[in-house]
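Engineer: Before I ask anything, here is the structure I am working with.
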Amino acid sequence: MSGSVREPAVAGMFYPSGADELLKTIRRFLGGAGAGRSPAPKAVIVPHAGYIYSGPVAASAYAQVNPEGIERVVLIGPSHHVWIRGLAAPEMLAWRTPLGNVMIDAEALENVSCFPQVIFSDRAHREEHSLEVQLPFLQERLGGFKLVPLVAGDAAPAEVAEVLDALWGGPETLIVVSSDLSHYERYERAREKDSAAARAIVDLDVRRLDVDSACGLVPIAGLVQLAHQKGMRAELLDLRSSGDTAGAKDQVVGYGAFAFYE
């Protein structure tokens, strides 16, 4: 591990850069999402656009997370800037947000470094927003925790599932997959495509997901395959698009929130 700290790359763009405004924004989203239910999910899928667009949808999943006892978050999302073969872990020891630093679980990353699909690359993480935008939500919801961040590139569902299974742990570990759904479709077409993807995810049927289903197809497919293997149950919590939240309807991005229960 390099010993460096990853600085925020999209604070002030995707979410507020000031701690007070950021907390106020997150708490407003969580307050609008309603109370959590029992049992709490082991894993969630959440979107990663700017908070004005996808924040309310992400909050619907985070509101279901029970913060008691969670000590570690395995966070995986797609790479938007760097081509990767497999999954990339960072060498940095901490990630900073306007709400403070989050320590990396170096031991957990070392334990999965034996898998050939896992590489270490700070470059893959430095500008990546898909993981960063989840951290303030997690900091507010959980308080202190250790982070296992992974950026997914070119990898088969089985390769992702293998690594997630090795990191699965018990009730102390929460799995978070970061992904938006359809991109730049007209509103009604996006609704059709996102509904089809949501049905496939809830049915735990990775065969019905393709590259048009989600930008985070690789991590979603890995989680869905593993959830099927483990006999889990998936639930759709929220399904909207930027046309429902804060954007025009001629070209929208789809957002879904899902929970997975053991």
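The values are calculated or read from the model by the stated rules, or taken from the named source; none is laboratory data. This one's a predicted model, so the numbers in the text were calculated from it and none came from an experiment. So basically every Cβ, Gly included, is an ideal-geometry build from the backbone, and we count neighbours across all protein chains shown. Surface accessibility is based on the protein's heavy atoms, side chains included, excluding ligands, DNA and RNA. Shrake-Rupley method; radii C 1.70, N 1.55, O 1.52, S 1.80 Å.
Engineer: As an exercise, identify the GluC sites (Glu not before Pro) in the stretch 137-198 lying in DSSP coil whose Cβ has no more than 12 other Cβ atoms within 10 Å.
Structural biologist: Details: sites: 140, 159, 162, 172, 185, 188, 192; in loops: 172.
Answer in residue order: 172.
Engineer: I would also like to ask the following. Can you give the FRET efficiency for residue 262 and residue 101, using 1/(1 + (r/R0)^6), R0 = 45 Å, r = Cβ-Cβ distance, to the nearest 0.05?
Structural biologist: Values: r = 30 Å, r/R0 = 0.68.
Calculated transfer efficiency: 0.90.
Engineer: Once you've got the GNM for the chain with C-alpha springs shorter than 10 Å, pick whichever of 194, 203, 238 has the biggest mean-square fluctuation.
Structural biologist: 203
Engineer: Tell me what the chain gives for mean residue ellipticity at 222 nm when only DSSP H runs of n ≥ 4 count, each as -39,500 (n - 2.57), the sum divided by the residue total, rounded to 500 deg cm²/dmol. Could the numbers behind the result be given before it?
Structural biologist: On the way: 10 runs with 95 residues, N = 262.
Calculated mean residue ellipticity at 222 nm is -10500 deg cm²/dmol.
Engineer: Let me ask something else about it. Grab the other residues whose beta carbon is less than 12 angstrom from that of residue 68, score K and R as +1, D and E as -1, and report the net. Intermediate values should be presented prior to the final figure.
Structural biologist: Working: positive: 141; negative: 71, 172.
So the environment of residue 68 carries a net charge of -1.
Engineer: Within the accessible area of the stretch 1-110, what % is carbon and sulfur when the probe is 1.4 Å and the other protein chains stay in place?
Structural biologist: Working: 2370 of 4680 Å².
Whole-percent figure for carbon plus sulfur exposure: 51.
Engineer: Over the chain, give the accessible area per residue in Å² for a 1.4 Å probe, as an integer.
Structural biologist: Working: 10780 Å² over 262 residues.
Solvent-accessible surface per residue comes out at 41 Å².
Engineer: Which lysines, if any, have their Cα less than 24 Å from the Cα of residue 230, not counting same-chain residues under 8 positions apart?
Structural biologist: Within the straight-line limit of under 24 Å, residue 230 reaches these lysines: 42.
Engineer: Which trypsin sites (Lys or Arg not before Pro) does the stretch 43-137 hold that lie in a coil by DSSP with at most 15 other beta carbons within 10 Å?
Structural biologist: Details: sites: 72, 85, 96, 123, 126; in loops: none.
Filter output for the stretch 43-137: empty list.
Engineer: While we're on this one: With a cut-off of 20 Å, note down the residues of the stretch 219-255 whose backbone N falls inside the zone around a label point 7 Å from the Cα of residue 208 toward its beta carbon.
Structural biologist: Flagged as within label range: 219-241, 254-255.
Engineer: Taking the structure as given and computing Rg and Dmax of the Cα atoms in Å, which label from (i) 19.9, 68; (ii) 18.7, 57; (iii) 16.7, 48 fits?
Structural biologist: (iii)
Engineer: Further, regarding this structure: Expressed in nm to one decimal, what extension gain is obtained for the pair residue 119 and residue 188 from 0.36 nm per residue of sequence separation less their Cα-Cα distance? Let's see the in-between values first.
Structural biologist: On the way: separation 69, 0.36 × 69 = 24.84 nm, distance 3.97 nm.
Gain in length upon complete extension: 20.9 nm.
Engineer: Enumerate the aspartates and glutamates that residue 193 could reach by cross-link, defined here as Cα to Cα under 20 Å, with residues fewer than 8 away along the same chain left out.
Structural biologist: Cross-link targets: 180, 185, 203, 205, 210, 212, 235, 238, 244, 250.
Engineer: Where does each of 9-22, 214-227 land if you order them by average Cβ count within 10 Å, highest first? Before the final figure, lay out the partial values.
Structural biologist: Working: 9-22: 15.4, 214-227: 26.1.
Highest to lowest by the protection proxy: 214-227, 9-22.
Engineer: Another one. How much of the accessible area of the stretch 189-262, in percent, comes from carbon and sulfur atoms when a 1.4 Å probe is used?
Structural biologist: Values: 1400 of 3290 Å².
Carbon and sulfur together cover 42 percent of it.
Engineer: Which trypsin sites (Lys or Arg not before Pro) does the stretch 181-262 hold that lie in a coil by DSSP with at most 16 other beta carbons within 10 Å?
Structural biologist: 186, 230, 249
Engineer: Can you give the FRET efficiency to the nearest 0.05 for residue 126 and residue 71, using r as the Cβ-Cβ distance and R₀ = 30 Å?
Structural biologist: Working: r = 26 Å, r/R0 = 0.87.
For residue 126 and residue 71, the calculated efficiency is 0.70.
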